[in-house]
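The block underneath contains the structure these notes are about, expressed in structure tokens.
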Amino acid sequence: MAKSFPQIDFTGASLTIDLNALVANWRALSAHAPNSECAAVVKADAYGCGITPVSNALFAAGCRTFFVAHISEAAKIRAEHQDAIIYILNGLLPGTSRVYAAGNFRPVLGSMPELEEWRAFCHADDWTGEAALHVDTGMQRLGLSLAEAASLVQEQGALPASVTLLMSHLASADDPSNGLNAKQIGRFRELRELFPNLRGSLANSSGVFLGPDTHHDVLRPGVALYGVNPTPGHVNPMRPVVRLDATIVQVREVSEGETVGYGGAWGTSRPSRIAIISLGYADGFPRAAGSSRQQTGADAMIHGHRCPLAGRVSMDLIAIDVTDLPDGKVKRGDIASLVNDEIDLDEVASHAKTIGYEVLTRLGQRYRRVYIGG
Ligand SMILES: *Cc1c(COP(=O)(O)O)cnc(C)c1O
């Protein structure tokens, strides 16, 4: 990450996205499984980081395969890259086959009705564009059942030749001790034997770190590209990609024994200095990361020091206890950083009792976005 603070404009807060770190993370994931192709999952506006700048930077680095959730997301990549391979994870919505063909998008077919609708369309329109087949191995979300998959092998022509990728999704790759991993890995291995001509894809970010049994032909990392730790409980192998900074709009002296913020949930036990920053839950910062008398909240970095949040997170403002910084050090117009090289998304998430994924994807559209590199 750039060491200098980005310039803040009138938005009050800025989200800095380091595309060089993103590309480095993609390369590191590729290097982890040198015999597999490393794709990129860029759904949900590239997890809130901006699908166009993110997919452009990855494409320039050599990434050719992208996974999104929706057609509208696929269209944004296609607008920039005619030769990108784009899979749509949420499958085929009824009556949309023509849109897939027009954009040369590949549906990830996740149920028998979807497969049937796609097969009928390809036949009627002579469409030979490729598709993926999603088979469930233990997530019970999307995907054909194992029995349905097996039935495709029995029946000649049940699986169109244009289906070239066999996919499944791990439900607990972030917890290597969970027995579900071995079960899913085993089931997927058997599926690959049923469909020996299809390429295989099983691993999400955490799956990449479960070892070669999950790698197969195509890796599908998402969150790790954006710097969230794919190996919870261990040192984060990824580089930080996002930084969240907000402007201090005022600094106030608060006497001992006062309460700060909504509900008076937090109070001063000494004469205190409180900095108010221009950022709140309406910007996507989790309200649950605030503090109370019972619970410490998240921290902010101000002039290189960690300072605790003081009280509840408001819609547009947060109070921060800067009493431990020297007199006169913190001034109106200074910057407080909520997410950075030191305070990562997972740390904020732990205070909000959620996961880094949710903190990242909720970082709102209200910030000024600054891109580094790419
Ligand atoms: C979102 C998603 C991914 C990426 O998961 P991460 O945990 O973010 O790496 C991969 N595959 C499927 C099917 C997904 O829905």
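No value in this document is a laboratory result; all are computed from the given coordinates. Quick caveat: nothing in here was measured; it's all calculated off a predicted structure. Every residue, glycine among them, receives a Cβ derived from its backbone with ideal geometry; neighbour counts consider all protein chains shown.
Percent of Cα pairs in the chain per distance bin of 20 Å, from zero to the largest separation: 27, 48, 21, 3. Just to compare against my own numbers: the Cα pair-distance distribution for segment 19-226, 5 Å bins, whole % per bin, please. The calculated distribution, bin by bin, is 1, 8, 16, 19, 20, 17, 11, 5, 1, 0.
Maximal additional length on extending the Met112-Thr128 stretch stands at 3.9 nm, based on 0.36 nm per residue less the C-alpha distance. Shown in residue order for segment 356-364 are the 3J(HN,Hα) couplings computed by the Karplus curve 6.51 cos²θ - 1.76 cosθ + 1.60 at θ = phi - 60°: x, 3, 6, 4, 5, 6, 8, 4, x Hz (x for Gly and Pro).
Listed by chain and number, the lysines whose alpha-carbon sits under 23 Å from that of Lys76, ignoring those within fewer than 8 places in the same chain, are Lys43.
When each of the peptides 65-72, 361-368 is scored by the mean number of other C-beta atoms lying within 10 Å of its residues, the order from highest to lowest reads 65-72, 361-368. Spin-label pair Ala150-Arg287: with each label point 7 Å from Cα along the Cα-Cβ axis, the two points sit 5.0 nm from one another. Plugging the Kirkwood radius over Cα pairs into Stokes-Einstein for segment 242-372, at a temperature of 10 °C and a viscosity of 1.306 mPa s, what D comes out in µm²/s? Translational D for this selection: 109 µm²/s. Its DSSP H runs of at least 4 residues, each contributing -39,500 (n - 2.57), put the calculated 222 nm mean residue ellipticity of the chain at -8000 deg cm²/dmol, to the nearest 500.
Distance from the C-alpha centroid of segment 37-55 to that of segment 63-80: 8 Å, rounded to the whole angstrom.
If you line up the long axis of helix 71-80 against the longest principal axis of the chain, both from Cα atoms, how many degrees apart are they, to the nearest 10? It is inclined by approximately 90 degrees.
For the pair Ile355 and Leu93, the difference between a 0.36 nm per residue extended length and the Cα-Cα distance amounts to 91.4 nm. Using all C-alpha to C-alpha distances in segment 122-237, build P(r) with 5 Å bins and read off the rounded percent in each one. Values per bin, smallest distances first: 2, 12, 20, 22, 17, 12, 8, 5, 2, 1, 0.
Once the C-beta distance of Arg332 and Gln365 is scaled by a Förster radius of 25 Å, the resulting FRET efficiency is 0.45 to the nearest 0.05.
Using the Cα coordinates of segment 216-286, the gyration tensor eigenvalues translate into equivalent-ellipsoid semi-axes of 39, 14, 12 Å, sorted from longest to shortest. Considering only alpha-carbon pairs that sit under 8 angstrom and 6 or more positions apart, the relative contact order computed for segment 156-270 is 17 percent. Per-peptide packing, taken as the mean over residues of other Cβ atoms within 10 Å, places 19-27, 166-174 in the sequence 166-174, 19-27 from highest down.
With respect to the chain, whose longest principal axis is taken over its alpha-carbon atoms, helix 19-32 is tilted by about 50°. In degrees from 0 to 90, rounded to the nearest 10, what is the angle of the helix 51-61 Cα long axis to the longest principal axis of the chain? Approximately 70 degrees, to the nearest ten. Scaling the Cα radius of gyration of segment 59-156 by the globular reference 2.2 N^0.38 Å produces a ratio of 1.12.
Segment 270-310 and segment 195-225 have Cα centres spaced 38 Å apart. Here r is the Cβ-Cβ distance between His81 and Glu256 and R0 is 51 Å; the resulting FRET efficiency, rounded to 0.05, is 0.25. Taking all Cα pairs closer than 8 Å and separated by 6 or more residues, the relative contact order of the chain comes to 19 percent.
Packing-based ranking of 319-326, 331-338, 144-151, 273-280 yields 273-280, 319-326, 331-338, 144-151, ordered from highest to lowest mean Cβ neighbour count within 10 Å. Net charge in the neighbourhood of Ser291 (other residues with Cβ under 9 Å of its Cβ; Lys, Arg +1, Asp, Glu -1) is +1.
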